[in-house]
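The values are calculated or read from the model by the stated rules, or taken from the named source; none is laboratory data. Please read these numbers as outputs of a predicted model, since none were measured by experiment. Here the Cβ positions follow ideal geometry from the backbone for every residue, glycine too, while neighbour counts run over all protein chains shown. Keep in mind that these areas ignore ligands, DNA and RNA; they rest on the heavy atoms of the full protein, side chains included. Shrake-Rupley method; radii C 1.70, N 1.55, O 1.52, S 1.80 Å.
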Amino acid sequence: MSYRTADYEAFEVSVADHVAEVTLIGPGRGNAMGPAFWSELVPIFTGIDADPDVRAVVLTGSGKNFSYGLDLPAMSGGFGSVLADDAKAKARTDFHGMIKRMQAGINAVADCRKPVIAAIAGWCIGGGVDLITAVDIRVASADAKFSVREVKVAIVADMGSLARLPLIVGEGHTRELALTGKDIDAARAEKIGLVSDVYDDREAALDAARTLAAEIAANPPLVVQGIKDVLDHSRSARVDDSLRYVAAWNAAFLPSKDLTEAITAVFEKRPPEFAGE
């Protein structure tokens, strides 16, 4: 089955005039990233990569928000065995495998030979930031807000933000965002270089992304792919090394009472109380 005609739960995909448009549609609130997101992302972007008719990609979110990030309640089952007090090698190995499979989804976006432009409106949190750091160009609406929020739920970001964000905004801004989990608005995002331009609303940002994609698609496709390949070459080894390291680190050290507390607090809809255990 072609990636164009597959029945997706977390995405809508269309292709016209050499441009693929990939839209996050949930099913979680705020286009949160649940199991369907992680299982569908790889076949979509490997399909786009192999499609000779596609020369550029627009990535956006449906509704008011780009993505609330990881759907923690929907994904909490993957944490289950590794959070047990007696979790041993098997549980940790399985957890490490889950991280690597999820990383493969974001990597499929980064490794796509067709340039990807993200149009971001509303909230872009956690995994949403992981996703937009994997694209080539980012534009936003004036209401966009960004947060590397994993620290707030006792998680070391492991899908690529800590590897790719320093190459986009620099070490200082990355450390501030990752260590505080703070929110920044579109104006700050533009100032630090996270997004190239800010537009009045979602539709204007999406129109701008489509215009950029059309401009890219009008250029010789093999040369465009070559430009992207050369630009990616110097950073690929650094990103790959960081992803391998954080996957191993999280398999060893992420399981904690604080992570259990964070997941429990989400289900109970209350602020977490972290004890550093």
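Things to note:
- Projected onto their three principal axes, the Cα atoms of the range 174-243 cover extents of 42, 38, 17 Å, largest first.
- Ordering 209, 189, 275 by Cα displacement along the dipole of the range 137-277 toward the positive end leaves 275 in first place; charges were set at the Cβ atoms of Lys, Arg (+1) and Asp, Glu (-1).
- Taking amide H as placed 1.01 Å from N in the peptide plane, residue 33 has its amide H under 5 Å from the amide H of 69, 70, 71, each at least 5 places away in sequence or on another chain.
- Given +1 at the Cβ of Lys and Arg, -1 at the Cβ of Asp and Glu and no other charges, the dipole of the chain around its Cα centre is 500 debye to the nearest 20.
- Taking every DSSP helix (H) stretch of at least 4 residues in the chain, weighting each as -39,500 (n - 2.57) and dividing the sum by the residue count yields a mean residue ellipticity at 222 nm of -16000 deg cm²/dmol.
- For the chain, the relative contact order comes to 19 percent (Cα pairs under 8 Å, sequence separation of at least 6).
- Check: the range 52-102 dipole with +1 on Lys, Arg Cβ and -1 on Asp, Glu Cβ, in debye: 160
- Percent of C-alpha pairs per 10 Å bin in the chain, short distances first: 7, 30, 37, 20, 6, 1.
- Sparse-neighbourhood loop sites, GluC sites (Glu not before Pro) in the range 219-273 - DSSP loop, at most 15 other Cβ within 10 angstrom: 273
- When each of 64/269; 90/114; 64/182; 90/182 is checked by Cα-Cα distance, pairs over 27 Å: 90/114; 90/182
- Å³ per residue enclosed by the Cα convex hull of the range 30-99: 97
- Of the residues 128, 172, 74, the one whose Cα sits farthest towards the positive end of the charge dipole of the chain is 172 (charges of +1 on Lys and Arg Cβ, -1 on Asp and Glu Cβ, taken about the Cα centre).
- In sequence order, the range 100-113 has phi-based couplings of 5, 5, 5, 4, 4, x, 5, 4, 4, 5, 5, 8, 4, 6 Hz under the Karplus curve 6.51 cos²θ - 1.76 cosθ + 1.60, θ = phi - 60°, and Gly or Pro positions carry x.
- Karplus (6.51, -1.76, 1.60) ³J(HN,Hα), θ = phi - 60°, over the range 12-21, in Hz, Gly and Pro reported as x: 10, 10, 9, 9, 7, 6, 6, 10, 8, 10
- Taking the protein heavy atoms of the range 158-237 in the context of the full set of protein chains, the accessible area attributed to carbon and sulfur is 56 percent at 1.4 Å.
- Low-density loop positions, trypsin sites (Lys or Arg not before Pro), the range 22-126 - DSSP coil, at most 12 other Cβ in 10 Å: 88
- Volume of the Cα convex hull of the range 130-220, divided per residue and given in Å³: 98
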